[in-house]
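The values are calculated or read from the model by the stated rules, or taken from the named source; none is laboratory data. Computed from a predicted structure; not experimentally measured. Counting neighbours? That spans all protein chains shown, and the Cβs are built from the backbone with ideal geometry, glycine included. Heads up: the accessible areas ignore ligands, DNA and RNA and are worked out on the full protein's heavy atoms, side chains in. Shrake-Rupley method; radii C 1.70, N 1.55, O 1.52, S 1.80 Å.
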Amino acid sequence: MAVIEARGLTKRYKEVVAVDDASFAVERGQVFGFLGPNGSGKTTTIGMLLGIVRPTAGSFSLFGASTPGALVAARARTGATLETPNFYPYMSGRDNLRIAANVKRVGRARIEECLDIVGLRGRAKHRFKTYSLGMKQRLALAAAMLADPELVVLDEPANGLDPQGMRQIRRIIRGMAERGKTIFLSSHLLWEVERTCTHVSIIRRGRIMKTGAVSDIVGGDKHVVVKADDIERLLAVMDGYPGASSARISNGAVVARLDSGDLGTLSRYLSGHGVHPSHLAAESKTLEEVFMELTDGTPPGAAEAS
Amino acid sequence: MTGARSHLGSVEALGRDRPRRRSGLAGILFRNEALKARKRPAFWVLTGLLMVFVAVATVATGRFSPVEMGWKTGWTMVPMGANMGSMCFALAVALLFAPEFKWRTGRQGVIDGLAKESFFAGKLLLSAVLALWFAGLAWAAGAAGLLAFPPTGEMTASTVADLKAWAGMGLGMAVWGGSAFCLAALTRGGAATVGILLGYYVVEGIAASIGMFWAAMKGYDWLAKAIGYLPGRVAEGLSSRELYYASPLPADAGLLAESPGFALLAESRSFALLAGAAAAYSLAFVAISFVNFRKRDL
Ligand SMILES: Nc1ncnc2c1ncn2[C@@H]1O[C@H](COP(=O)(O)OP(=O)(O)OP(=O)(O)O)[C@@H](O)[C@H]1O
Ligand SMILES: [Mg+2]
């Protein structure tokens, strides 16, 4: 059973279609990245899952629950942040966690534990409004972890964090993943998703363009880069190789798409045709290249008009 | 909430962090709303203001009353603090409800596992507790003032008229609190709520005076009656001493009786009708806020 399952989720605001027929499934234990440029509909999708935004059409389930009452119970088993850290500015970090802890029926000891994990124990008695953006993000993460939930949903968790803070968050997320928790996080930072996530959905203008394991998406299209003294001859031989296609010359090397077989097979084939490569390597596309192709070169982080 | 119960089970299964108390949903809502109010400086400012105003008003009445009041009359002055209490109550409701939207903390509450309806119920519960708090304080401050400047004569206990007065005051407060609650839910802003609320009552007061005068001139009974049932007039009527007791100041009563429209006004002011109108207004305010709150995204 999928932990999150979205079926044709759609949200329309007057002229803007914020999310358009989004379907995806997040299985237990996955670290699922929801990747898209600004304004692509990430927050809106998460808002629908969290019961904040009413879908215009479509449905979804959390832990298999899809009725309103069961969803409320499912959300108590989920730790989540949406867009910005939402806390009472006049209350201390600790008191703010008490509010969430009461709803989640979690005791005080756990509040201190979570404050420790995010490194906020020393500032816990200060008012939330005196916190820096990074501290606010950490408090939101602490709140999401309070009930040691089976599912953690984070909307741009790295926003406003310094490199150390980002590493700390990655470590926390990995730690949760290792304990079998399911994590769903949105981001417009490609490398963040590539480093942290096992699975990814790429969303653009509200439409899901591609979903799958990160390794499949970046490794699905393997390229081989070959160099030899006689590049023209190499190109001709590569053109004849049945395991590769669309060979071309680029930067003094022949680049081709590897459709089948491994580098050993290719190497033997080349030798058999009298070509002795000086360089032979497989390269996979980076997530960035895939993302750029799917989003028409809209660089991540650039606002998108729908 | 069965879902939350089953979650309770799963937290206990973790074995390392037992819930502090096994409380139901109402307990959770109450504890959270109480924590939010307790930590809010504005709440204590309102509480302090009410105490000071009521104390000053009681002392002023006790010291400078032109007539010798006696215990019985003095006692009837005590509930008058409820007027101020209503105002503080409405402001507190506005300040503890409206910002939940701007801060997106109401939204976070739902994300954390409260049903939207539960969050709303929490705010209603808060309002009920605030009403008791401010009414109780006004009463206590008034009673303390009375004891500090004891009137002459035998000390008397509360009467049926006093109870009726208190019920009426409570309903008057409900109109104030209900309108603040409704405005907070509709405007989603603290400043907007307070501004519209106070602005409305001032404008309604002026419009009612003009309307009454006009109705008296033209002899439009129905208009005078209708004006008497505007929300502000209902709240004011229920919190006016004259509805429950004879005026302790005969001179005042004479002056009032001469003013145009007073006879019509007095006629329309039956306790039962005012009380019914107040209850209807309060319920309508809450119902409107609920429908609106449910419909809109947080
Ligand atoms: N309440 C709203 N009313 C009208 N339009 C909205 C509303 N909320 C979101 N939108 C629109 O929906 C689209 C998607 O917004 P959303 O916040 O989901 O994007 P996002 O992917 O989270 O972007 P970012 O990376 O900047 O956080 C945008 O075009 C936005 O303007
Ligand atoms: Mg967003």
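Points to keep in mind about this one:
- GNM remark for chain A: springs join alpha carbons under 10 Å apart, and the peak mean-square fluctuation among A:Ile202, A:Ile99, A:Ile169 falls on A:Ile99.
- Of the residues B:Val59, B:Val160, A:Val118, the one with the largest accessible area comes first in the ranking B:Val160, B:Val59, A:Val118, computed with a 1.4 Å probe on protein heavy atoms.
- Cα-based helix-to-principal-axis angle, A:93-104 vs chain A, degrees rounded to 10: 90 degrees
- Packing rank of A:12-24, A:261-273, B:109-121, where each peptide gets the mean count of other beta carbons within 10 Å, highest leading: B:109-121, A:12-24, A:261-273
- Solvent-accessible area buried by B and A, counting both chains, probe 1.4 angstrom, square angstrom: 3700 Å²
- A 1.4 Å probe, protein heavy atoms only, puts the accessible area of B:Tyr200 near 90 Å².
- Look at the stretch A:85-96: the mean tally of other chain Cβ atoms within 10 Å of its residues' Cβ atoms is 4.
- Rounded to 5, the percent of DSSP beta bridges in chain A classed as antiparallel: 65 percent
- Shielding value for B:30-42 is 3, the average number of Cβ atoms from other chains within 10 Å of each residue's Cβ.
- Entries in A:Lys42/A:Lys136; A:Lys210/B:Lys102; A:Lys104/B:Lys39; A:Lys42/B:Lys36; B:Lys39/B:Lys164; A:Lys14/A:Lys210 that, when Cα-Cα distance is taken, lie over 24 Å: A:Lys210/B:Lys102; A:Lys42/B:Lys36; B:Lys39/B:Lys164; A:Lys14/A:Lys210
- The gain in end-to-end length when the B:Trp222 to B:Ala207 segment is fully stretched comes to 3.8 nm, 0.36 nm per residue minus the alpha carbon separation.
- The helix-only estimate of mean residue ellipticity at 222 nm for the protein assembly as shown, built from DSSP H runs of length n ≥ 4 each weighted as -39500 (n - 2.57), is -18000 deg cm²/dmol after division by the residue total.
- Highest-fluctuation residue, A:Lys129, A:Lys227, A:Lys104 considered, GNM on chain A with Cα pairs under 10 Å: A:Lys227
- Protection-proxy order for peptides B:136-142, A:234-240, A:33-39, each taking the mean of Cβ atoms within 10 Å per residue, highest first: A:33-39, B:136-142, A:234-240
- 3J(HN,Hα) along the range B:139-149, derived from phi through the Karplus expression 6.51 cos²θ - 1.76 cosθ + 1.60 where θ = phi - 60°, amounts to 5, 4, 5, x, 5, 5, x, 5, 6, 5, 10 Hz, with x in place of Gly and Pro.
- Converting phi to 3J(HN,Hα) with the Karplus coefficients 6.51, -1.76 and 1.60 and the offset θ = phi - 60°, the range A:240-245 yields x, 6, x, x, 9, 9 Hz in sequence order, with x at every glycine or proline.
- Cβ-defined net charge surrounding B:Leu124, 12 Å radius [Lys, Arg +1; Asp, Glu -1]: -1
- Karplus-derived HN-Hα couplings along the range A:197-205 (A = 6.51, B = -1.76, C = 1.60, θ = phi - 60°), whole Hz, x at Gly and Pro: 9, 8, 10, 8, 10, 9, 10, 8, 6
- Interface residues, the range A:35-55 - accessible area loss of 50 Å² or more versus chain alone, probe 1.4 Å: A:Ile52, A:Arg54
- Taking the centroid of alpha carbons for each part, the range A:227-266 and the range A:11-67 are 43 Å apart.
- Exposure check, 1.4 Å probe, all protein chains in place: A:His199 carries approximately 50 Å² of accessible surface.
- Prolate/oblate/rounded label for the protein assembly as shown (Cα gyration tensor, a/c 1.5): prolate
- The range A:21-67: C-alpha gyration tensor shape, a/c 1.5 cut-off, then a/b vs b/c: oblate
- Theoretical FRET efficiency, 1/(1+(r/R0)^6), r = Cβ-Cβ of A:Arg121 and B:Arg38, R0 22 Å, to 0.05: 0.45
- Surface share of carbon and sulfur [accessible, 1.4 angstrom probe, percent] for the protein assembly as shown: 60 percent
- Helix A:108-117 and the longest principal axis of the Cα set of chain A meet at an angle near 30°.
- In this structure, the amide hydrogen of A:Gln30, modeled 1.01 Å from its nitrogen in the peptide plane, lies closer than 5 angstrom to those of A:Ile183, counting only residues at least 5 positions away or on a different chain.
- Springs between Cα atoms under 10 Å define the GNM used for chain A, and in it the highest mean-square fluctuation of A:Ala109, A:Ala144, A:Ala124 occurs at A:Ala109.
- Net lengthening on full extension, B:Ala191/B:Val129 (0.36 nm per residue, minus Cα-Cα): 20.1 nm
- The residues of chain A expose, per residue, 42 Å² of accessible area to a 1.4 Å probe.
- A Förster radius of 35 Å combined with the Cβ-Cβ distance from A:Thr67 to B:Ala26 puts the calculated FRET efficiency at roughly 0.95.
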